[in-house]
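Working notes for the structure below.
The values are calculated or read from the model by the stated rules, or taken from the named source; none is laboratory data. Worth saying up front: this structure is predicted, and the values here are computed from it rather than measured. Positions of Cβ are generated from backbone atoms using ideal geometry, with glycine treated the same way; all protein chains shown enter the neighbour counts.
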Amino acid sequence: MKVLVVGNGGREHALAWKLLQSPQVKRCWCVPGNGGTALLERCENIPLAVEDIEGITQVAIQNKVDLVVVGPEVPLSLGISDLLREKDIPVFGPTQLGAKLESSKSWAKSLMTEAGVPIAKGKSFTNAVEAKAYITQQETPIVVKADGLASGKGVIVAQTASEAYAAVDYLFKAGFSPILVEEYLIGEEVSILAITDGITVRSLLPAQDHKRIGEGDIGLNTGGMGAYCPAPIATSDLLQRVDKEILQPTVAALRNRGIDYRGVLYAGLMISPQGEPKVLEYNCRFGDPETQVVLPLLKTPLDQVILACVQQRLEEFPPLCWHLGTAVCVVVASSGYPGKYKKGKLITGIQEAEAIGVTVFQAGTALEGDRLITDGGRVLGVTAIRENFSEAITEVYQGVDCINFDEQYYRRDIGYRAQSRKD
């Protein structure tokens with residue numbers, strides 16, 4: 001089987017890496033890929049932008065690709081799956097309408113309300129004056145969100161009304177409309193990545209992401225600074241509730257709207273101190289960096305799982321098998337991220353890191369001749385798998401210590417919540 005992976009992040013490196021482990025996958029293309037995917041055996045990068053859905057479709061046709069796996073949300077929101085389906089090319093990723101689960105938070109809230117899924121209360125606004133008037137009547141902290149895609153950075157937690165007013169002005173000035181204002185939920189976050197063929201839904205192992213740039217979960221939101229899996233807070237009882245009260249009703253609501261959703265259903269949840277789950281947001285694709293800790297633990301061949309979704313036979317597919325242990329990923333970023341940062345810095349030490357047993361998934365990297373250089377904000381995702389959290393966290397930071405490039409930054413407290421629990 002020949003597979004094409006769309007995207008250029010650490011998530012896509014992990015997807016291509018995992019797909020190529022299957023004896024059924026003989027070749028892989030990554031569009032556009034990165035320095036890491038360029039070094040994978042039987043893998044080739046194609047330098048097209050992820051927004052070029054017509055060009056990507058032509059690459060799939062010319063290379064007689066058997067399966068396309070879409071990593072990022074942008075091409076899904078532009079309708080790449082619709083275009084590929086029109087050309088009879090199997091694709092894992094929802095249609096443009098299904099992708100509105102992520103591309104429009106107000107649309108997603110409407111669907112979840114219709115489905116009876118527990119969510120934070122709030123309202124959407126196209127007018128700053130009305131949004132501020134609403135904020136005046138609410139308690140703080142309060143959350144202000146961009147309705148559309150914002151690369152994981154469109155959520156602002158305002159501690160005071162003044163901060164919320166400033167967030168409203170900032171998002172409208174940045175071109176986001178509508179925006180959402182929501183109640184601030186207290187608890188612990190968990191990422192539940194599930195796969196669905198539009199009828200049946202199955203959860204993957206639960207993960208927990210560290211979204212804030214600063215240690216102790218402070219500062220600006222990012223695309224994710226690290227993750228671990230499985231997340232201890234997601235007990236088997238909680239996962240059963242999430243499946244029954246959140247995932248299955250969402251898939252049913254999509255189907256009721258005539259949406260044939262075949263892909264990842266990624267629920268970002270807040271678990272209250274009382275153990276009650278509420279949906280913070282939905283994503284329509286694999287998470288990043290959650291993918292870098294979930295897929296290494298998956299024993300079932302990824303291509304077979306995906307094909308079961310694409311061919312709408314997930315119900316009859318055998319239960320997923322998992323490796324024992326815990327995976328921890330630390331993101332090594334360019335200093336200044338999620339704001340301005342420099343590119344073109346020489347990266348060294350990856351071979352030394354992998355020699356001690358970690359896996360390094362590349363994200364914001366590029367090859368310049370035989371030199372590997374930085375080419376983005378989140379540069380690398382260093383992943384370790386060990387028997388328990390303490391061992392995995394120790395090893396992952398040993399791996400991180402091997403890697404060097406000028407002006408690098410990473411959080412030193414990834415997994416601190418897991419370490420506070422017993423292994």
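Look at ARG241 and say whether it is without any contact (Cβ under 8 Å) to a residue 40 or more places away in the chain, among the basic types (Lys, Arg) and within 21 Å of VAL330 (Cβ to Cβ).
On the way: without any contact (Cβ under 8 Å) to a residue 40 or more places away in the chain: yes; among the basic types (Lys, Arg): yes; within 21 Å of VAL330 (Cβ to Cβ): no.
Taking the combined requirement at face value, the residue does not satisfy it.
Would you mention how many residues in segment 369-385 are more than 23 Å from LYS211 (Cα to Cα) and in contact with a strand residue (DSSP E or B) (Cβ under 9 Å, 6 or more places away or on another chain)?
Residues meeting the conditions: 3.
Determine, yes or no, whether PRO232 is buried (at least 21 other Cβ atoms within 10 Å of the Cβ), in contact (Cβ under 8 Å) with a residue 40 or more places away in the chain and more than 18 Å from ALA115 (Cβ to Cβ). Write out each step before concluding.
Numbers: buried (at least 21 other Cβ atoms within 10 Å of the Cβ): no; in contact (Cβ under 8 Å) with a residue 40 or more places away in the chain: yes; more than 18 Å from ALA115 (Cβ to Cβ): yes.
Against the criterion (buried (at least 21 other Cβ atoms within 10 Å of the Cβ), in contact (Cβ under 8 Å) with a residue 40 or more places away in the chain and more than 18 Å from ALA115 (Cβ to Cβ)), PRO232 does not qualify.
What single numbered condition from (1) of a type in the set (Asp, Glu); (2) touching a residue at least 24 places away in the same chain (Cβ under 8 Å); (3) out of contact with any Pro (no Cβ under 8 Å at 6 or more places or on another chain); (4) in a loop (DSSP other than H, G, I, E, B) fails to hold for GLU102?
(4)
Filtering segment 123-178 down to residues that are among the β-branched types (Val, Ile, Thr) and touching a residue at least 40 places away in the same chain (Cβ under 8 Å), which residue is surrounded by the fewest Cβ atoms within 10 Å (Cβ to Cβ)?
Applying the filter and picking the extreme gives THR126.
Can you tell me how many residues within segment 77-99 are under 12 Å from ARG262 (Cα atoms) and assigned to a helix (DSSP H, G or I)?
3
Looking at segment 124-152 only, could you name the residues that are among the charged types (D, E, K, R) and farther than 15 Å from LEU171 by Cα?
GLU139, the sole residue that qualifies.
I'd like to check something: does segment 332-344 contain any residue that is touching a Lys or Arg at 6+ places or on another chain (Cβ under 9 Å), at pLDDT 95 or above and closer than 26 Å to SER22 by Cα?
So far as segment 332-344 goes, no, none of its residues is touching a Lys or Arg at 6+ places or on another chain (Cβ under 9 Å), at pLDDT 95 or above and closer than 26 Å to SER22 by Cα.
I'm checking my understanding of the structure. Among residues of segment 32-71 that are part of a helix (DSSP H, G or I) and free of Cβ contacts under 8 Å to residues at least 40 places away in the same chain, which one is nearest to the chain's Cα centre (by Cα)?
Here is the first cut: in segment 32-71, the residues part of a helix (DSSP H, G or I) are 35-38, 53-62.
Cutting the leftovers down to free of Cβ contacts under 8 Å to residues at least 40 places away in the same chain gives us 53-55, 57-58, 61-62.
Values: ILE53: 20, GLU54: 24, GLY55: 24, THR57: 23, GLN58: 26, ILE61: 27, GLN62: 29 Å.
So, considering only residues that are part of a helix (DSSP H, G or I) and free of Cβ contacts under 8 Å to residues at least 40 places away in the same chain, the one nearest to the chain's Cα centre (by Cα) is ILE53.
In segment 327-346, how many are surrounded by 20 or more Cβ atoms within 10 Å (Cβ to Cβ) and either free of Cβ contacts under 8 Å to residues at least 60 places away in the same chain or over 30 Å from ALA150 (Cα atoms) (or both)?
Number of matching residues: 0.
Given the options GLU182, GLU102, name the one that is among the charged types (D, E, K, R), crowded, with 16+ Cβ neighbours inside 10 Å and under 17 Å from LYS278 (Cβ atoms). Write out each step before concluding.
Working: GLU102 fails: under 17 Å from LYS278 (Cβ atoms).
Only one candidate passes the filter, namely GLU182.
Just for segment 105-117: of the residues that are surrounded by fewer than 18 Cβ atoms within 10 Å (Cβ to Cβ) and not small (Gly, Ala, Ser), which one is nearest to LEU265 (Cα to Cα)?
Ranking the qualifying residues of segment 105-117, first place goes to TRP107.
Looking only at segment 120-152, filter to residues that are polar (S, T, N, Q) and under 26 Å from the mean Cα position of the chain (by Cα); which one of those is modelled with the lowest pLDDT?
Among them, the one singled out is SER151.
Looking only at residues in segment 335-394 that are touching a helix residue (DSSP H, G or I) at 6+ places or on another chain (Cβ under 7 Å) and among the aromatic types (Phe, Trp, Tyr), which one is farthest from GLY10 (Cα to Cα)?
PHE389
Do any strands (runs of 3 or more DSSP E) entirely within segment 132-237 hold 1 or more residues that are within 27 Å of TYR409 (Cα to Cα), among the hydroxyl-bearing types (Ser, Thr, Tyr) and touching a Gly at 6+ places or on another chain (Cβ under 9 Å), and if so, which?
Once the strands (runs of 3 or more DSSP E) in segment 132-237 are filtered for at least 1 residues that are within 27 Å of TYR409 (Cα to Cα), among the hydroxyl-bearing types (Ser, Thr, Tyr) and touching a Gly at 6+ places or on another chain (Cβ under 9 Å), what remains is 188-196, 226-229.
Of all residues in segment 371-423 being polar (S, T, N, Q) and outside any loop (DSSP other than H, G, I, E, B), which is nearest to VAL294 (Cα to Cα)?
Among residues in segment 371-423 that are polar (S, T, N, Q) and outside any loop (DSSP other than H, G, I, E, B), the one nearest to VAL294 (Cα to Cα) is THR383.
What's the number of the only condition in (1) part of a helix (DSSP H, G or I); (2) touching a residue at least 40 places away in the same chain (Cβ under 8 Å) that TRP107 fails to meet?
Condition not satisfied by TRP107: (2).
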